[in-house]
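The values are calculated or read from the model by the stated rules, or taken from the named source; none is laboratory data. Note that the coordinates shown come from a computational prediction; the quantities given were computed from them, not determined experimentally. Counting neighbours? That spans all protein chains shown, and the Cβs are built from the backbone with ideal geometry, glycine included.
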Ligand SMILES: [Zn+2]
């Protein structure tokens, strides 16, 4: 990610916030420490976050970290302009393009944000059951709707170069929660090699992927990007969910020994291999879906040369279903709410009511809000229309809180504004 305007703006805002914090600290010291510690949210890994059942968000196989976390020793690392960049991996194939590669959920969760974000382009952010948020940026296409529940390995979109990006890649980072501006190291997911800056994804492989509405130009090398446990005759995607009347190309790998000299026949067309990789030949199957919803299959005929053996066929199965409504994933609300109460860095003996305001100009109404607080405990208002929310009683400690805004069309603010904080003392 990059963006001069954003960077300057952020620097200005943070500069003034820091100045204000320093003043507050001095005032606090003068008043007998009525102000809490002013260190920003910790960036270090929390040992409570275990990644052993997570996977990298790309199909099974080996991938290059084209840019590592900011401040890293590697030749290519992120600039440190966004807090996410302190932990982010940019992923690309070892020796091919990343355009239109399926992007998979790294863990089960719910779509928290799906839309356009400044600099990060078309983006999907997933919120996982323990509150962690994974971010997948610079997509060319999003195929999940806001609030949709996703399974680990589910395709949420296709990689691209949207937003501020120098070429197709997948930006991946994980944040401990949706409120604090911090991120978690990704090195303990699946297999990571610091020396070669490569990872091996243990996420789903091509033959078991369910591809919803793939773009016209799926990369042909994908069927072989991951390890093939067995040696199937034909490697198809596991399942295709397609919009009516869609036209695109399905990459398919066929054992070269099974490919007759005359090539393959599909839908009455003769196809020739686009590439040969190891014992497989790659083919591109052009497919236009019917306009009627339903389940379909198309035969891929492996006609033997000279007719010595009977023809073998493999079936490409696909489902034509109504295109999902992704209208709410096309834009974002650009105005952030103003926090009203409790005052930032204030002390309380009871969990305070959280209040904010938002200009009606934020977008077409009705606006809905979601307040979240994190600290020793976490609280989440869910989407509400009121501009005040009383969290349940929380344990003593320091809390960060933040408000997310959605407009009447479902557009949401770019969820990276700074949180406010309050401190709960043990009850009197
Ligand atoms: Zn990145």
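Look at residue 171 and say whether it is in the same structural domain as residue 97 (by TED's automatic domain parsing) and touching a helix residue (DSSP H, G or I) at 6+ places or on another chain (Cβ under 9 Å). Yes; evaluated as a whole, the condition is true for this residue.
Filtering the stretch 320-330 for residues that are out of contact with any strand residue (DSSP E or B) (no Cβ under 8 Å at 6 or more places or on another chain), at pLDDT 90 or above and surrounded by fewer than 12 Cβ atoms within 10 Å (Cβ to Cβ) leaves a non-empty set.
Can you confirm whether the stretch 229-241 contains a residue that is in a loop (DSSP other than H, G, I, E, B), touching a residue at least 40 places away in the same chain (Cβ under 8 Å) and touching a helix residue (DSSP H, G or I) at 6+ places or on another chain (Cβ under 8 Å)? Yes, the stretch 229-241 contains at least one residue that is in a loop (DSSP other than H, G, I, E, B), touching a residue at least 40 places away in the same chain (Cβ under 8 Å) and touching a helix residue (DSSP H, G or I) at 6+ places or on another chain (Cβ under 8 Å).
When the residues of the stretch 56-92 are narrowed to those that are part of a loop (DSSP other than H, G, I, E, B) and away from the ligand (no atom under 16 Å from the Cβ), which ends up surrounded by the fewest Cβ atoms within 10 Å (Cβ to Cβ)? Going through the qualifying residues, I end up with 73. With respect to the conditions (1) more than 29 Å from residue 272 (Cβ to Cβ); (2) within 17 Å of the chain's Cα centre (by Cα); (3) not in a loop (DSSP other than H, G, I, E, B), residue 211 falls short on a single one, namely (1).
Taking the condition within 12 Å of the ligand (Cβ to nearest atom) and under 22 Å from residue 412 (Cα atoms), does residue 119 pass? Answer is yes for this residue.
Of all the criteria given as (1) away from the ligand (no atom under 12 Å from the Cβ); (2) surrounded by fewer than 21 Cβ atoms within 10 Å (Cβ to Cβ); (3) farther than 22 Å from residue 238 by Cα, the one not satisfied by residue 108 is (3).
Is it the case that some residue within the stretch 187-205 is in the same structural domain as residue 85 (by TED's automatic domain parsing), within 16 Å of the ligand (Cβ to nearest atom) and under 13 Å from the mean Cα position of the chain (by Cα)? No, the stretch 187-205 contains no residue that is in the same structural domain as residue 85 (by TED's automatic domain parsing), within 16 Å of the ligand (Cβ to nearest atom) and under 13 Å from the mean Cα position of the chain (by Cα). In the stretch 61-88, the residues that are modelled with pLDDT under 90 reach residues that are part of a strand (DSSP E or B) and more than 12 Å from the ligand (Cβ to nearest atom) with C-beta atoms within less than 8 angstrom, at least six apart or across chains, in these pairs: 84/175. If the condition is being over 18 Å from residue 414 (Cα atoms) and within 14 Å of the ligand (Cβ to nearest atom), then the stretch 127-141 contributes no residue at all.
Scan the stretch 158-171 and give yes if some residue there is away from the ligand (no atom under 16 Å from the Cβ) and surrounded by fewer than 23 Cβ atoms within 10 Å (Cβ to Cβ), otherwise no. Looking for residues that are away from the ligand (no atom under 16 Å from the Cβ) and surrounded by fewer than 23 Cβ atoms within 10 Å (Cβ to Cβ), one finds none in the stretch 158-171, hence no.
Restricting 144, 124 to those that are outside any loop (DSSP other than H, G, I, E, B) and either within 15 Å of the ligand (Cβ to nearest atom) or on the phi < 0 side of the Ramachandran plot (or both) reduces the list to 124.
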